[in-house]
Ligand code: BGP
């Protein structure tokens, strides 16, 4: 007891009792076993089949970190490095090979076993339902473009609540729902890989509706837990305080943050965004009663993924009437001189951004209960940092995490209702186009040696932080 008090006193950054320490991951990126035990194809399996060279070194989603086979070992390792919680996703196409219909018993056995193992080990499961992995059978009818997919999602969600809800008390409908919109319909990095703003808006709208409907279902079923959504928030910073730059930055914020944050937390769409959609003729098809469902079924809990800010300036060139519509018709990106970069991923590192998001949530979103559900640093060629004892000396990751945690701590001291920090990610895993190029984990994975795991220096460091509840 005395030791604990002494240790606590020495901590400069002490976090509240009950803070969630852990990491996050997704099914497609970790499980492997993409075509066995009855799993149906999802868009990633399909895309890899038709265009393997799109993926770094042509490594596909079946060659991921083999969590399907090694989850017991992994969960034990999570505990060893201080996790009290871990976010995973359920693979929709493993549960429902055709997206709907009959549930796959082997998938149910697998997720039951994973959840049981976590609970027995003392790691709280945070379970997300959709992490970019549309079942191919539903993509064939348009995926999120088609309203039938909303109903299929509601059915899939209800099945998961019913089967696993006795042990899972934290649910999430979607991870980063804007990413499939951006990647699939605007900027060419997700399937179906087209540029069509009208469809993009419809996809976004259906995703939001599906989230509200799943939340309604959860509450109608009287489930005993909380349900939320995970959003990637990119604070929008103007180049200057000139009205034109400020306006551009506010519009970027509407497109990329408030578009999903407002309906999820406040139950309404941002009026400035709606005005643009109306002017440009991009309002989505809606059915009577939808807006009430969205309004009445907001989240209990908000997961915040933070990687980088968005720097914005006013548009400098006239609009080209022949160019396809993109949000960038309303603003330009600004490469701020001297900004700190993660050169491997090409993303800016701006630690204070995490604090700005938390303060915005506190001040403008009713200080809703939230946590950092992803934050992390992908680095290429980490093997060069492996020492003679076999440990990767990833001091840069320790610095990255601690610098962000300092800002989270400051937000807490100023009243933010933030309850946890989950790193992206537990172990190196497969990324949507970069495959295994950039490594993010606390634990390295050797793809040449049966996906052998070794804890990196950051994992050992995190264990101390989590066990002391600070640093
Ligand atoms: C987030 C996703 C994760 C993960 C992470 C890192 O947007 O939720 O699935 O991939 O980003 O990004 P990347 O893998 O593209 O480097």
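The values are calculated or read from the model by the stated rules, or taken from the named source; none is laboratory data. Being a predicted model, the structure only gives us computed values, none of them experimental. Neighbour counts are summed over all protein chains in view; Cβ atoms, including those assigned to glycine, are modelled from backbone coordinates with ideal geometry.
Can you pull out every residue in the stretch 348-394 that is within 16 Å of the ligand (Cβ to nearest atom), under 20 Å from residue 16 (Cβ atoms) and assigned to a helix (DSSP H, G or I)?
Passing the criteria: 354, 357.
Looking for whichever is free of Cβ contacts under 8 Å to residues at least 40 places away in the same chain, within 28 Å of residue 354 (Cα to Cα) and either surrounded by 22 or more Cβ atoms within 10 Å (Cβ to Cβ) or out of contact with any strand residue (DSSP E or B) (no Cβ under 6 Å at 6 or more places or on another chain) (or both) here; the options are 212, 200. Which one fits?
200
Given the options 249, 259, name the one that is under 25 Å from the mean Cα position of the chain (by Cα) and over 22 Å from residue 174 (Cα atoms). I'd like the intermediate steps shown before the answer.
Values: 259 fails: over 22 Å from residue 174 (Cα atoms).
Result of the check over 249, 259: 249.
Out of everything in the stretch 395-437 that is away from the ligand (no atom under 16 Å from the Cβ) and part of a loop (DSSP other than H, G, I, E, B), what residue ends up being surrounded by the most Cβ atoms within 10 Å (Cβ to Cβ)?
416
Does residue 124 satisfy being modelled with pLDDT of 95 or more and more than 23 Å from residue 328 (Cα to Cα)?
yes
Is it the case that the stretch 317-330 has a residue that's farther than 21 Å from residue 201 by Cα and either surrounded by 11 or more Cβ atoms within 10 Å (Cβ to Cβ) or touching a strand residue (DSSP E or B) at 6+ places or on another chain (Cβ under 7 Å) (or both)?
Checked the stretch 317-330: no residue is farther than 21 Å from residue 201 by Cα and either surrounded by 11 or more Cβ atoms within 10 Å (Cβ to Cβ) or touching a strand residue (DSSP E or B) at 6+ places or on another chain (Cβ under 7 Å) (or both).
Which condition from (1) surrounded by fewer than 20 Cβ atoms within 10 Å (Cβ to Cβ); (2) more than 30 Å from residue 465 (Cα to Cα); (3) touching a strand residue (DSSP E or B) at 6+ places or on another chain (Cβ under 7 Å) is the one that residue 96 breaks?
(1)
Within the stretch 70-105, restricting attention to residues that are farther than 29 Å from residue 455 by Cβ and assigned to a helix (DSSP H, G or I), which residue is nearest to the chain's Cα centre (by Cα)?
The extreme case among them is 92.
Across the stretch 19-47, which residue is farthest from the ligand (Cβ to nearest atom) among those that are surrounded by 23 or more Cβ atoms within 10 Å (Cβ to Cβ) and farther than 27 Å from residue 193 by Cα?
Of everything passing the filter in the stretch 19-47, 22 is farthest from the ligand (Cβ to nearest atom).
Going residue by residue through the stretch 231-238, is there one that turns out to be assigned to a helix (DSSP H, G or I), within 25 Å of residue 211 (Cβ to Cβ), within 16 Å of the ligand (Cβ to nearest atom) and in contact with a strand residue (DSSP E or B) (Cβ under 8 Å, 6 or more places away or on another chain)?
no
In the list 296, 308, 241, which residue meets the criterion of being within 16 Å of the ligand (Cβ to nearest atom) and surrounded by fewer than 21 Cβ atoms within 10 Å (Cβ to Cβ)?
None of the other options fit; the residue is 308.
Considering (1) at negative phi; (2) surrounded by fewer than 19 Cβ atoms within 10 Å (Cβ to Cβ); (3) away from the ligand (no atom under 16 Å from the Cβ), say which one residue 222 fails and leave the rest.
Residue 222 satisfies every listed condition except (1).
How many of the residues in the stretch 457-468 are more than 17 Å from residue 24 (Cβ to Cβ) and either buried (at least 20 other Cβ atoms within 10 Å of the Cβ) or within 16 Å of the ligand (Cβ to nearest atom) (or both)?
Total satisfying the criteria: 1.
Please work out if residue 50 is within 16 Å of the ligand (Cβ to nearest atom) and under 20 Å from residue 138 (Cα atoms).
no
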